[in-house]
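Report on the following structure.
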């Protein structure tokens, strides 16, 4: 097996909730105590993104999927663990050393209404990253590049002097994609790039992302909550729950034979066109808060197959016969 | 007689430089206990259609024409005073974002009791008992405790259950639900939809469900309307439309879904985007994106034609039906 383009090792991220030292101190039962609380957004995630694939990370809100995306991009620093790009550790690099990786890794955000600067024309928006990463390029080179990316995302290059607000949501997302493509990246992190768009526009943008992958040999880390999109787009899928990966599989395998009880419930909850009534696997209760993580398997409180071991011991990802990796004691023991 | 009948409804927004027509010639009906889906993309007018039923469109919007007959009485012509007796009482609404609809500084119980006392002349204690009963109906764990809690103490799914409980407080005839699960996760969405469907069936409440999710419409509703640019372009039994959509736009909408495509292959896509209300093209509003558009489509809005049990506004479909008829005549 070739070495992965991006590898995430033992990633953890906690967001401190307790504030300053003075805010942490409380007076309880006649003595001062220091109380610290944190949101455990990611709790030990290991993932490898192979060159040329689209690895989809799915999960419900609060499962840590966006935090994974942002940590990989270096937008937030991990509490523990490492990020490697093409064999080189990048999460501890300083600004200057990280610069080449900033060009190779680009990000597309969810909301194109927020991710485009309203005071910049499209020309300026696209020019900025090119000039930043290629200060030696001539005016003509820059202009040609802008024309090329605008063309490839289906935006008329003559519209360069317009502002973001003059475009529809779908067009804005195309411009955001053009901005990411402008510096010829190898790896794109897309955080819910189509969830803010209408159905008919979603298809257009998904097609565009697939075309770009093919023509430019891109690698994607694709964050989404929409499993139907994953089935269509992803090479492999990682399902996350409360900051942990509970199942990692080839897209086809995951949809044909989901192994983890959470994945099964998640898949059954997608409303399908052929259904006459909702038919989904009911889970007990709700997602617990990531402030106080459950012991053992994070899913045990809602899992119909949970036993004493699940309440005590944290399950690790193990490979099954089909090649799927599952973090579940029930699957490991053959109970499921 | 249908429970609710909307006839030729026109809704306009008076803005600088003339009126924008948000709804044009909308007609549909809803029977007792029936579940109707309103489908369309953002800006198609589905929320305006739902809001206008209770005359909840904010200025500069206004109802410019048509009738909204609820049990034979025209809601569009009613005074604010009369309407208030119907809102929340006979016709209830559920909105998209439960955090926006619940008052953050009042307990759940206070808000529920308030809604009951606005319409019924009963004691606070009786009202509280009704509130508790509805919370039990929506299967909220420990309902007594919830009555004294504030909205922020509940999760998103739980809040939406409270909203459904509030909608059910006064045993309405109709519930209008505007994207009730869009803000929720998919597993929670499935639970809420399941709950709403079961309650409507049990209590024989009619449901008008506004959504952009065709999967949800397919699971929950019996009939559906497809809206585009302020018009209904197709309406009929849900199963019939989902399985065999007639209008090119509806077909495109269904085929653009990732679950319809071969995994990894290009998705079917409708070119362009919906025209803004400021420059709706003449004729069929879809003609600029339609593969079947002819000169005729640019001239005038097509009339509805019937195909099976489905009403469609499309010249292409009308021509096909005409052709089929001629062929049958030629055969016999």
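The values are calculated or read from the model by the stated rules, or taken from the named source; none is laboratory data. This one's a predicted model, so the numbers in the text were calculated from it and none came from an experiment. Don't worry about glycine lacking a Cβ; one is built from the backbone with ideal geometry, like all the others, and counts go over all protein chains shown.
Structure data summary
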quantity: Segments classed as helices (runs of 4 or more DSSP H), wholly inside the stretch B:60-126, with at least 3 members that are over 28 Å from residue B:158 (Cβ atoms) and modelled with pLDDT under 95; calculated: B:80-86
quantity: Within the stretch B:1-31, considering residues that are out of contact with any strand residue (DSSP E or B) (no Cβ under 6 Å at 6 or more places or on another chain) and either outside any strand (DSSP E or B) or buried (at least 16 other Cβ atoms within 10 Å of the Cβ) (or both), the one modelled with the highest pLDDT; calculated: B:31
quantity: Helices (runs of 4 or more DSSP H) completely within the stretch A:221-282 that count 2 or more residues being more than 9 Å from chain B (Cβ to nearest Cβ); calculated: A:251-256, A:261-268
quantity: Given (1) surrounded by 14 or more Cβ atoms within 10 Å (Cβ to Cβ); (2) in contact (Cβ under 8 Å) with a residue 12 or more places away in the chain; (3) within 27 Å of residue A:288 (Cβ to Cβ), number of the condition residue B:143 does not satisfy; calculated: (2)
quantity: Test: residue in the stretch A:188-208 that is more than 14 Å from chain B (Cβ to nearest Cβ), surrounded by fewer than 20 Cβ atoms within 10 Å (Cβ to Cβ) and over 18 Å from the mean Cα position of the chain (by Cα); calculated: no
quantity: Top-ranked residue of the stretch B:145-160 - restricted to ones that are more than 11 Å from chain A (Cβ to nearest Cβ) and assigned to a helix (DSSP H, G or I), ranked as nearest to residue B:36 (Cα to Cα); calculated: B:160
quantity: Residue tally, condition within 11 Å of another protein chain (Cβ to nearest Cβ) and either out of contact with any strand residue (DSSP E or B) (no Cβ under 9 Å at 6 or more places or on another chain) or in a strand (DSSP E or B) (or both), over the stretch A:210-220; calculated: 2
quantity: Boolean, residue A:39 is away from every other protein chain (no Cβ under 14 Å) and in contact (Cβ under 8 Å) with a residue 24 or more places away in the chain; calculated: yes
quantity: Evaluation of residue B:303 against (1) more than 14 Å from chain A (Cβ to nearest Cβ); (2) surrounded by 17 or more Cβ atoms within 10 Å (Cβ to Cβ) (one fails), failing number; calculated: (2)
quantity: Given (1) out of contact with any helix residue (DSSP H, G or I) (no Cβ under 7 Å at 6 or more places or on another chain); (2) within 30 Å of residue A:196 (Cβ to Cβ), index of the condition residue B:159 fails; calculated: (1)
quantity: Some residue of the stretch B:288-298 being part of a strand (DSSP E or B) and in contact with a helix residue (DSSP H, G or I) (Cβ under 6 Å, 6 or more places away or on another chain); calculated: no
quantity: Odd one out for residue A:176 among (1) within 19 Å of the chain's Cα centre (by Cα); (2) facing chain B (nearest Cβ under 8 Å); calculated: (2)
quantity: Qualifying positions in the stretch A:104-122 - buried (at least 17 other Cβ atoms within 10 Å of the Cβ) and touching a helix residue (DSSP H, G or I) at 6+ places or on another chain (Cβ under 8 Å); calculated: A:105, A:106, A:107, A:108, A:109, A:112, A:115, A:116, A:122
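Let's see how each residue does on (1) farther than 20 Å from residue A:234 by Cα; (2) out of contact with any strand residue (DSSP E or B) (no Cβ under 8 Å at 6 or more places or on another chain); (3) at pLDDT 90 or above:
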site: A:122; (1), (2), (3): yes, no, yes
site: A:133; (1), (2), (3): yes, yes, yes
site: A:149; (1), (2), (3): yes, yes, yes
site: A:161; (1), (2), (3): yes, no, yes
site: A:166; (1), (2), (3): yes, yes, no
site: A:190; (1), (2), (3): no, no, yes
